[in-house]
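The values are calculated or read from the model by the stated rules, or taken from the named source; none is laboratory data. Bear in mind the structure is a predicted one, so any value in this text is a computation, not a measurement. Using ideal geometry, Cβ is built from the backbone for each residue, glycine included, and neighbour counts are taken over all protein chains shown.
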């Protein structure tokens, strides 16, 4: 079922990229697909939307897919990283990106943030992009924590999200 969806989305992307290239030569091109919702919850670190209710984000963040100005698929992660009840703990987002054969092409990390020295809740906006010079068709999103800001441990991962 997921393969058929991937093929349909790839065909739509190709048609959209060709149409945009003909209509607006030399300009940035973008074809937007339905975003993939991403909501990751754990004891200390969460990812989702900016609404915080009963110890977790109420809704999801998202992975948005587009065709960039180079004609490559690109994934953009948007949402909010939450740290709660985690005095002086660090957190960050992790996006691993893959080609069409499922081979990992690399990992990009969001900026590291640090919780205050109390048990309060804090959140930070996330806007992470896969490289614009690679054909990215799958991503895996993870939250990570660290007690020292240098050694990181994955906490929760999304599983692979396909274009």
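Report yes if some residue within the range 22-39 is modelled with pLDDT of 95 or more and under 24 Å from residue 153 (Cβ atoms); otherwise report no. Yes, the range 22-39 contains at least one residue that is modelled with pLDDT of 95 or more and under 24 Å from residue 153 (Cβ atoms).
Quick grid of which residues meet (1) under 20 Å from residue 62 (Cα atoms); (2) without any contact (Cβ under 8 Å) to a residue 60 or more places away in the chain:
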site: 97; (1), (2): yes, yes
site: 101; (1), (2): no, yes
site: 111; (1), (2): yes, yes
site: 115; (1), (2): no, yes
site: 146; (1), (2): no, yes
site: 154; (1), (2): yes, no
site: 158; (1), (2): yes, no
site: 163; (1), (2): yes, no
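Every condition in (1) surrounded by fewer than 18 Cβ atoms within 10 Å (Cβ to Cβ); (2) within 10 Å of the chain's Cα centre (by Cα); (3) within 17 Å of residue 42 (Cβ to Cβ) holds for residue 64 except the one numbered (3). Considering only residues of the range 94-116 that are in a strand (DSSP E or B) and more than 17 Å from residue 65 (Cβ to Cβ), which is farthest from the chain's Cα centre (by Cα)? Checking each candidate, the answer is 114.
Tell me whether the range 117-130 contains one or more residues that are closer than 18 Å to residue 161 by Cα, modelled with pLDDT of 95 or more and either more than 16 Å from the chain's Cα centre (by Cα) or assigned to a loop (DSSP other than H, G, I, E, B) (or both). There is at least one residue in the range 117-130 that is closer than 18 Å to residue 161 by Cα, modelled with pLDDT of 95 or more and either more than 16 Å from the chain's Cα centre (by Cα) or assigned to a loop (DSSP other than H, G, I, E, B) (or both).
Within the range 58-78, the only residue that satisfies the criterion of being touching a strand residue (DSSP E or B) at 6+ places or on another chain (Cβ under 9 Å), part of a loop (DSSP other than H, G, I, E, B) and touching a residue at least 60 places away in the same chain (Cβ under 8 Å) is 68.
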